[in-house]
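Asks: Here it is, the structure in full.
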Amino acid sequence: MNQKHLLRFIKRAMKKYPTEIVHVEKGKGQTLMEVFESMNLTAFDLSVDTLDMHADRNTFHRFDKFNAKYNPIGESILREIFIKTDNYVEGKYFGHIIKEVMADLEESKYQNVELRLSIYGRARDEWDKLAKWAVKHRVYSDNVRWLVQVPRLFDVYHTKKQLSNFQQMLENIFIPLIEVTINPGSHPELHLFLQHVVGFDSVDDESKPEHHIFNLDSPLPVNWTEEDNPPYSYYLYYMYANMTVLNHLRRQRGFHTLVLRPHCGEAGPIHHLVSGFMLSENISHGLLLRKAPVLQYLYYLAQIGIAMSPLSNNSLFLSYHRNPLPEYLSRGLMVSLSTDDPLQFHFTKEPLMEEYSIAAQVWKLSSCDMCELARNSVLMSGFSHKVKSYWLGPHYNKEGQEVNDIRRTNVPDIRVAYRYETLCEELNLITQAIRTDELETIEEEGSTSPCLFLV
């Protein structure tokens, strides 16, 4: 969804539902028309410029201003009415917008997306409310899967007395999922919704200072009652630990498992990428890998996916010409192009096409490069084996050039063979180095051991 789409929807809503109560202020209901009248605005006054939701130079290195851009016309009440699922109209307008986006995707035929919804962990019933919204408004499409993002905002909720410790936040996020896995009838709508959820994301401003280093002396979640926010690695570890238990249970029950794919390495300290390497299936952004060659090499060896969004980075953290995506691609890292907040960074109905076209022009990527990026995006996605087989061929999950179906991927066999052979050589090199080191250690121990003589 871009600004123009949202603008047209708001104007249609003002004409179609002017007398519908959409908000309660000081115990009094406000109709949609009254909300806009309180701002001295009519449908005629609204334009893309007045919405003012596009990121500009003022958002660079200013995550607070970036978040404020989500408020149409700078009014948080409009954000609540039109792009929230839990509001007075029960997410009615947002559901309509999402269905329009899904219809556009189905019409284009060649685009699949993973959209994000938020679970905050403030209350135990958040999952049920979200699932009820999804089922009620039928926000389902074969072209769409959902990722659930968890904002790292425990300190905010703790300050507002909504949570007393970090354990409560974890329980609010994971206990409903465990309950519905054990007994789908306990949360029937959530059971339906989870069939289209593929994983979790962890989001917030990574550049925030962290006042605690996660180690063995760190308090357990039940004892984390400080006002300071837990560090990035603390959030990621306990999400991963709970997801491991949940996935083990879901696997036993015959349900699909969920993956952890956090925003990681967009800003902040390098050790975020260490946490991402150890705990994540894939990561988003990974810009800071350019400053850590050893970590970059580890990500290459493990082929951990990195979904990169150069247009988003250009507005927030790193100008386009400094973006490391072309270097990552040429070195063989598993990178793909991804959109990030199309409402703020893109102009057309096809934001992903904007990412590909600008990348091709700026970095002079070849058609082979573009097809490899597209192939990587399918491999990294949370879509089913059946869908991936349709786009990449029946043997996509095996290795080597023999499994490449060039009729579907359009990636030349020689490129796939080069990637596979290079990775194998690197792994063999490391294996041989370890074996050589072990032999030298054994020989040294043998030469220094005491000799026994028979007299």
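The values are calculated or read from the model by the stated rules, or taken from the named source; none is laboratory data. Worth saying up front: this structure is predicted, and the values here are computed from it rather than measured. Don't worry about glycine lacking a Cβ; one is built from the backbone with ideal geometry, like all the others, and counts go over all protein chains shown.
Asks: Residues in the stretch 124-136: is at least one of a type outside the set (S, T, N, Q), surrounded by fewer than 16 Cβ atoms within 10 Å (Cβ to Cβ), under 21 Å from the mean Cα position of the chain (by Cα) and not in a helix (DSSP H, G or I)?
Replies: No, because not a single residue in the stretch 124-136 is of a type outside the set (S, T, N, Q), surrounded by fewer than 16 Cβ atoms within 10 Å (Cβ to Cβ), under 21 Å from the mean Cα position of the chain (by Cα) and not in a helix (DSSP H, G or I).
Asks: Next question. Any chance the stretch 144-151 includes a residue that's outside any strand (DSSP E or B) and within 24 Å of F94 (Cβ to Cβ)?
Replies: So far as the stretch 144-151 goes, no, none of its residues is outside any strand (DSSP E or B) and within 24 Å of F94 (Cβ to Cβ).
Asks: If you don't mind, another one. Could you tell me whether the stretch 374-395 includes any residue that is at positive phi, surrounded by 14 or more Cβ atoms within 10 Å (Cβ to Cβ) and free of Cβ contacts under 8 Å to residues at least 60 places away in the same chain?
Replies: yes
Asks: Then there is this: Give all pairs with beta carbons closer than 7 Å in which a residue from the stretch 1-30 that is free of Cβ contacts under 8 Å to residues at least 40 places away in the same chain meets a residue that is small (G, A, S) and in a helix (DSSP H, G or I); count only pairs at least 6 apart in sequence or on separate chains.
Replies: Close Cβ pairs (under 7 Å, with a partner that is small (G, A, S) and in a helix (DSSP H, G or I)) amount to K11/A43; M14/A43; K15/A43.
Asks: Next question, about the same structure. Filter the stretch 340-349 down to residues that are surrounded by 15 or more Cβ atoms within 10 Å (Cβ to Cβ) and touching a helix residue (DSSP H, G or I) at 6+ places or on another chain (Cβ under 7 Å) and give me whichever is farthest from F9 (Cα to Cα).
Replies: Here the residue is D340.
Asks: For the stretch 167-207, give me each residue that is small (G, A, S) and under 29 Å from L220 (Cα atoms).
Replies: G199, S202, S207
Asks: A further question follows. How do the pairs read when you match residues in the stretch 400-419 that are assigned to a loop (DSSP other than H, G, I, E, B) with residues anywhere that are aromatic (F, W, Y), using Cβ under 8 Å and keeping only pairs 6 or more apart or on different chains?
Replies: Listed pairs, sorted by first residue: G400/Y420; D405/Y396.
Asks: While we're looking at this one, here's another question. If you scan the stretch 176-190, which residues turn out to be surrounded by fewer than 18 Cβ atoms within 10 Å (Cβ to Cβ) and touching a residue at least 24 places away in the same chain (Cβ under 8 Å)?
Replies: Correct list: I178, I182.
Asks: OK, next. Quick one: count up the residues across the stretch 257-300 that are touching a residue at least 12 places away in the same chain (Cβ under 8 Å) and either in a loop (DSSP other than H, G, I, E, B) or exposed (fewer than 15 other Cβ atoms within 10 Å of the Cβ) (or both).
Replies: The number of residues fulfilling the criteria is 14.
Asks: Continuing with this model, one more query. Considering only residues that are in contact (Cβ under 8 Å) with a residue 60 or more places away in the chain and more than 15 Å from H196 (Cα to Cα), look in the stretch 101-123 and name the one that is surrounded by the most Cβ atoms within 10 Å (Cβ to Cβ).
Replies: Checking each candidate, the answer is V101.
Asks: Right, another one. Across the stretch 404-447, which residue is surrounded by the most Cβ atoms within 10 Å (Cβ to Cβ) among those that are closer than 22 Å to L333 by Cα and acidic (D, E)?
Replies: Looking at the filtered set, the residue picked out is D405.
Asks: Hey, another quick one. Looking at S330, S377 in this structure, which one is assigned to a helix (DSSP H, G or I), under 19 Å from the mean Cα position of the chain (by Cα) and small (G, A, S)?
Replies: S377
Asks: Hey, among the residues in the stretch 227-244 that are out of contact with any His (no Cβ under 8 Å at 6 or more places or on another chain) and without any contact (Cβ under 8 Å) to a residue 24 or more places away in the chain, which one's farthest from Q162 (Cα to Cα)?
Replies: T244
Asks: While we're here: Go through (1) over 20 Å from L51 (Cα atoms); (2) modelled with pLDDT under 95; (3) not acidic (D, E) one by one and return the number of the condition Q344 breaks.
Replies: (1)
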